[in-house]
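Chemist: Take this structure, written in structure tokens, and hold onto it; I'll ask about it next.
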Amino acid sequence: SNPPTLASRVAGTIASKRRIPVSQPGMADPHQLFDDTSSAQSRGYGAQRAPGGLGYPAASPTPQAAFLADPVSNMAMAYGSSLAAQGKELVDKNIDRFIPITKLKYYFAVDTMYVGRKLGLLFFPYLHQDWEVQYQQDTPVAPRFDVNAPDLYIPAMAFITYVLVAGLALGTQDRFSPDLLGLQASSALAWLTLEVLAILLSLYLVTVNTDLTTIDLVAFLGYKYVGMIGGVLMGLLFGKIGYYLVLGWCCVAIFVFMIRTLRLKILADAAAEGVPVRGARNQLRMYLTMAVAAAQPMLMYWLTFHLVR
């Protein structure tokens, strides 16, 4: 055979240099800039992945989840829920024995028109003629339908406003302190409590059969805070002259209001019982009505005179 020429030798050398070696398993592509770490064999990343977990490993169950998954715990939770339901039912049945929730709803059944008319009645009772409380099937109608019906909304709001106005008056005189404001509020509540207890005891001693309840007494006695607010505000604006003028008017108004209101609750029952108008028991009831009405102006002055200087 003929020996290879120089040209054939050069061509064979160039072809051998252009061969690319076969890549072995675990070796990266020589033309790749970065290693592929997405495979399970590449540096051990992502060795085990939870299906559908976006590439993150499956989280181990927490102790709370394991507790809830236990049938015994589910039974305990169901038993606890049943006990709570029974306790709530028991409280709902017996709560009226201590707090008359259904009765309190009646005293707060008011609207804006009723509040406006009632305030006008408290300031100008002389213009009102019919003081009878309306009834429907032996039950008094809601206050929003009858201006003569007692309510607790105005007394409650008036008491809170009175405490705030008292704090304002003390602040303008550089005498404000939380202790003094708390003493003002507690003294007003203490006097109200003493009034209610004294009236209940007097009604018991006089043996008056009336439908006047304790909540009715709290409502009627709480109306004096409206006049107290007016007197203190006028005292802050116009001094002692404004205070005495407005408070004097409100004292006379609350006296007339209590007389015309309580006489229907106390004296009307006496007439229904057949008690003579000039009888001794009837006179005691009249004196009791006058005493309750006369106590309102005295307390209005006692609880407000030190707030105006």
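Chemist: Mind checking which residues of the range 185-201 are open to solvent by 40 Å² or more (accessible area, probe 1.4 Å), of a type in the set (Ser, Thr, Tyr) and over 14 Å from Phe220 (Cα atoms)?
Modeler: Passing the criteria: only Ser186.
Chemist: Checking Leu212 against (1) assigned to a helix (DSSP H, G or I); (2) touching a residue at least 12 places away in the same chain (Cβ under 8 Å), which single condition isn't satisfied?
Modeler: Answer for Leu212: the failing condition is (1).
Chemist: Determine which single condition Pro155 fails, assuming it passes every other condition in (1) under 25 Å from the mean Cα position of the chain (by Cα); (2) surrounded by fewer than 17 Cβ atoms within 10 Å (Cβ to Cβ); (3) in contact (Cβ under 8 Å) with a residue 12 or more places away in the chain.
Modeler: Every listed condition holds for Pro155 apart from (2).
Chemist: Looking at the range 220-229, is at least one residue under 13 Å from Leu122 (Cβ atoms), in a helix (DSSP H, G or I) and open to solvent by 10 Å² or more (accessible area, probe 1.4 Å)?
Modeler: yes
Chemist: Same structure, new question: Can you list residue pairs whose Cβ atoms sit under 8 Å apart, with the first residue in the range 122-144 being open to solvent by 100 Å² or more (accessible area, probe 1.4 Å) and the second being in a loop (DSSP other than H, G, I, E, B)? Count only pairs 6 or more apart in sequence or on different chains.
Modeler: Close Cβ pairs satisfying both conditions: Glu132/Asn148; Tyr135/Val141; Arg144/Ala109; Arg144/Val110; Arg144/Asp111.
Chemist: Kindly list the number of the only condition in (1) aromatic (Phe, Trp, Tyr); (2) crowded, with 21+ Cβ neighbours inside 10 Å; (3) without any contact (Cβ under 8 Å) to a residue 12 or more places away in the chain that fails for Phe238.
Modeler: Status for Phe238: all satisfied but (2).
Chemist: Next question. Does the range 243-275 hold any residues that are small (Gly, Ala, Ser) and either in contact with a strand residue (DSSP E or B) (Cβ under 8 Å, 6 or more places away or on another chain) or modelled with pLDDT under 95 (or both), and which are they?
Modeler: If the condition is that a residue be small (Gly, Ala, Ser) and either in contact with a strand residue (DSSP E or B) (Cβ under 8 Å, 6 or more places away or on another chain) or modelled with pLDDT under 95 (or both), then Ala268, Ala270, Ala271, Ala272, Gly274 are the ones that fit.
The values are calculated or read from the model by the stated rules, or taken from the named source; none is laboratory data. Keep in mind that this is a model prediction, so the values were computed, not measured. When we count neighbours, we look across all protein chains shown, and the Cβ atoms used for this are built from the backbone with ideal geometry, even at glycine. Protein only, heavy atoms only, side chains kept; ligands, DNA and RNA dropped before computing areas. Shrake-Rupley method; radii C 1.70, N 1.55, O 1.52, S 1.80 Å.
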